[in-house]
Structure formats: C-alpha cells, structure tokens
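The values are calculated or read from the model by the stated rules, or taken from the named source; none is laboratory data. Being a predicted model, the structure only gives us computed values, none of them experimental. Here Cβ is always computed from backbone atoms with ideal geometry, including for glycine, and neighbour counts include all displayed protein chains. Quick note on the areas: whole protein, heavy atoms, side chains included, nothing else; ligands and nucleic acids left out. Shrake-Rupley method; radii C 1.70, N 1.55, O 1.52, S 1.80 Å.
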Amino acid sequence: TDYEIIVDAAFNDDIDGNGPAGEIFTVTTDEQLQEALKSEAEVINIILGADLNLNASDAYLALGTEDTKTIVFDGLKPVTKSASAEYYTLNLKTTYWSRINTVNPEATVVMKNLNLTSSQTSGTWNSYDVTFKCNVELENVNLLKALALDGEAKKAVLKNVNIDETHDYYALWIAASGMNVEWTGGAINSDGRGIKIDEQYVNQPAATTLKVTGVDFNTKAKGAIMVKSSAPVSIEVSDINIED
C-alpha cells in the first residue's frame, strides 16, 4: 500500500520560524509518552503512533518542566493518498479530575489532529470534563466528551474542534477567570447543553472574552451561551447555527 506521512511544517521551525523546534518524539507506548514529557527542551513535539493513555497518579497532569514553553501533540495517522485524514486517540487517565496543566505557568499546550477524551464517566463538570488549566491551542480535534477551560490561563484558541457529549452537561465550560477564548469552525453535538461562562469555584472573577465563529450547536437541551459572572463578559458570535 502506498502510504505517506504528513509532517507539519511547524516541526521544522520554532514558533518564531528561526531554527530547530526543540525535540521531536514519535511515541507508540504510554511509557514512551510519559518519558517524552520529561524533556527539558523549550519546545516538545510529540507525534502519536498509536492510541495512547496519558496517566497521572494524582488529580491532574502537570506537563513539561520549568523550561518548557510549548508542548505539541499531533495524532495524525499515516494515510493513503486517496484516504481522508484519521486521528489517533489520546485518553487522560487520572484518579479523579481529568485536568491538564503545565509545570511552567506560561507554557502553551498545542493539540492537533487527534481525538481527545478521559476515563472519567460521571461527576460535576470539573471532575468529568477534559479540563485545561493552561494556555491551550486545539486544531482539528474531536472531543469525545465535554471540554472545560479553567484556571489562570490567559488564552485558548480552538480551530475546527468538534465536541460530542452523551451526558446532560455543558459541552464547553469556561471559568470566568479572565481567559480570552476564540473558537472558529467545528460543532457541538450533545445530549446536553451549549456553552457556559461561570464564576463557580473562581475566587476572583475577571473579565472574560469569547468569540465564536462558524460553529454549529446541535443540542438536545439548551443550545445557548449562558453567563453567570460578577466580572465583565464579552461575547461575539458570527455565522453560527443553533438547533435543539
């Protein structure tokens, strides 16, 4: 069979386009994945070669080191020239919360071309959802459960992200803690609800912004964007379709 591996150009240049992009790891086992995340490189590029589990013995995952600036996960499978893109799955396995954070609070986690889920099957949003407590960029990602953006992170960028939720949860929960969230392209397909910005569990609510462009809301419960915050919230939507 004629295969070709598609490697993103970002792996060949750093984020400024000025040289090596740190270290590149192709991982096919959970152990290799855990070891790659111990790299002291400023940029860690991880290419998934199989469906993998990201394991943690405590409540959340703190990725990288104090020197890490960017961690990139790419789950694109090798495809035939005539086939459409297929992605590997990254599953978060923690003892309770499925939370992703970084050792360096200024670092950014980038995930692209993959399916993302966690082992949690019930609980409140902050224990059930796949939660990012760090700066995050998601591109061509299929969430197989609800997504939460929580913590002191400053920015979240979502491009062509689909959220498929089989419970009556908000598909996207945003803590009203000062984050700037931009979602372009994709869909919510949920037995539950759309998006909520909420100050629940936030000690000091801060101004939060949300921009949604070209996203379809297919929900069985509330398809709206709900807000509960004592701090200012700015919402801009365009080219969206809401059906429930």
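Of the accessible area of the stretch 84-152, computed with a 1.4 Å probe over protein heavy atoms only, carbon and sulfur atoms account for 44 percent.
Leaving ligands, DNA and RNA out of it, report the carbon-plus-sulfur percent of the accessible area of the stretch 192-244 at a 1.4 Å probe.
On the way: 1330 of 3020 Å².
Answer for the stretch 192-244 is 44 percent, counting heavy atoms of protein chains only.
Ignoring the sites themselves, what is the longest stretch of the chain with no trypsin sites (Lys or Arg not before Pro) in a DSSP loop and at most 16 other beta-carbon atoms within 10 Å?
82-153
Multiplying the residue separation of THR95 and GLU152 by 0.36 nm and removing their Cα-Cα distance gives an extension gain of 18.3 nm.
Antiparallel as a % of all DSSP beta bridges within the chain, to the nearest 5?
Taking every DSSP beta bridge with both residues in the chain, the antiparallel ones total about 5 percent.
Working note: Debye formula, equal point scatterers on the alpha-carbon atoms of the chain, no solvent; log10 I(q)/I(0) at q = 0.13, 0.15, 0.16, 0.18 Å⁻¹ is -0.79, -1.06, -1.20, -1.48. Each of LYS159 and ASP191 was given a label point 7 Å from its Cα along the Cα-to-Cβ line. The distance between the two points is 3.3 nm.
Per residue, the stretch 76-134 exposes 40 Å² of accessible surface when a 1.4 Å probe is rolled over the protein heavy atoms with every protein chain present.
For the chain, averaging the sequence separation of C-alpha pairs within contact (under 8 Å, six or more residues apart) and dividing by the residue count gives a relative contact order of 11 percent. Across the stretch 132-170, the residues whose backbone nitrogen lies under 11 Å from the label position 7 Å along the beta-carbon direction of TYR201 are 132-133, 148-151. Lysines within cross-link reach of LYS220: Cα-Cα under 24 Å, excluding same-chain residues under 8 positions apart? Filter leaves LYS145, LYS159, LYS196, LYS211, LYS228.
Run the helix sum for the chain: -39,500 (n - 2.57) per DSSP H stretch of 4+ residues, divided by residue count, reported at 222 nm to the nearest 500 deg cm²/dmol. All intermediate terms of the calculation are to be shown ahead of the outcome.
Numbers: 2 runs with 11 residues, N = 244.
Only helices count here, giving -1000 deg cm²/dmol.
Amide hydrogen proximity for PHE217: with H placed 1.01 Å from N in the peptide plane, the residues at 5 or more positions away or on another chain lying under 5 Å are ILE188, ASN241, ILE242, GLU243.
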